[in-house]
Every structure is written in C-alpha cells, then in structure tokens.
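The values are calculated or read from the model by the stated rules, or taken from the named source; none is laboratory data. Since the structure is predicted, the reported quantities are computational estimates derived from the model, not experimental observations. Backbone-built Cβ (ideal geometry, glycine too); neighbour counts: all protein chains shown. Accessible surface areas use protein heavy atoms only, side chains included; no ligands, DNA or RNA. Shrake-Rupley method; radii C 1.70, N 1.55, O 1.52, S 1.80 Å.
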Amino acid sequence: MLLSSLAAQLVTRELAAPAQGWAWAWRIQNEYPALLREAAEAWAENKPLPNPQVGGHSLEEVMEATGASAPQALELLYVLERSPSDGLTLLARCTRRDRLR
C-alpha cells in the first residue's frame with residue numbers, strides 16, 4: 001500500500017491533522033510488526049480486519065475495552081509490542097471504567 005493512500009485514510013477517517021496522518025502512516029509502514037501493519041492496511045482498504053494479538057491482547061479486545069478505532073487500537077498494540085510494561089499501563093489508562101475486571 002502506498003504511504004499516501006494510508007495517510008489519506010488516516011486524515012479522512014480518523015480526522016488526523018495532515019502532519020499526524022503522514023507521520024502515523026510512516027510509522028505503520030516502517031515500524032509496525034507485519035501483523036499490525038497488515039491489519040492497518042486492511043482497515044485502510046476497507047477489507048475484513050484480521051485480529052492480531054500482542055502480549056495476549058487482541059485487536060478486537062483492545063477496541064472493545066477502550067472504545068478505540070482500529071488504527072488507535074493498533075497503535076496501543078504497537079506500544080505493547082515495543083514495551084510490554086508501558087503498553088499495559090497505557091491499556092489500563094485507556095480502558096473504560098465499566099470494562100475493568
């Protein structure tokens with residue numbers, strides 16, 4: 001997928017500022033692990049979303065618990081992949097109170 005296509009979807013559908021959309025798209029294509037990148041590209045192409053897991057947390061679970069969109073939940077999974085302790089802290093902070101177990 002072209003960087004510009006992904007950036008356009010992030011700007012249009014996520015209402016990201018252009019600079020944010022381009023930087024986010026670059027990070028997805030250059031830093032995300034393959035499973036997360038493929039999920040982001042599926043979202044941008046309006047294809048069925050795969051449900052990648054990182055650290056025992058799936059994309060669907062993170063979306064449901066936090067109320068985040070797919071790209072936002074993928075960003076949380078990316079942080080969890082890069083730094084498990086920081087990722088768990090962010091997930092806890094982003095989880096809606098009615099979803100805490």
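The charge dipole of region 8-101, taken about its Cα centre with unit charges on the Cβ atoms of Lys, Arg (+1), Asp and Glu (-1) only, comes to about 260 debye. With all protein chains kept in place, the per residue accessible area of the chain amounts to 58 square angstrom at a probe of 1.4 angstrom. Leaving ligands, DNA and RNA out of it, report the carbon-plus-sulfur percent of the accessible area of the chain at a 1.4 Å probe. Percent of accessible area from carbon and sulfur atoms in the chain: 52. Residue ranking by accessible heavy-atom surface, 1.4 Å probe, largest first, among R82, R13 comes out as R82, R13.
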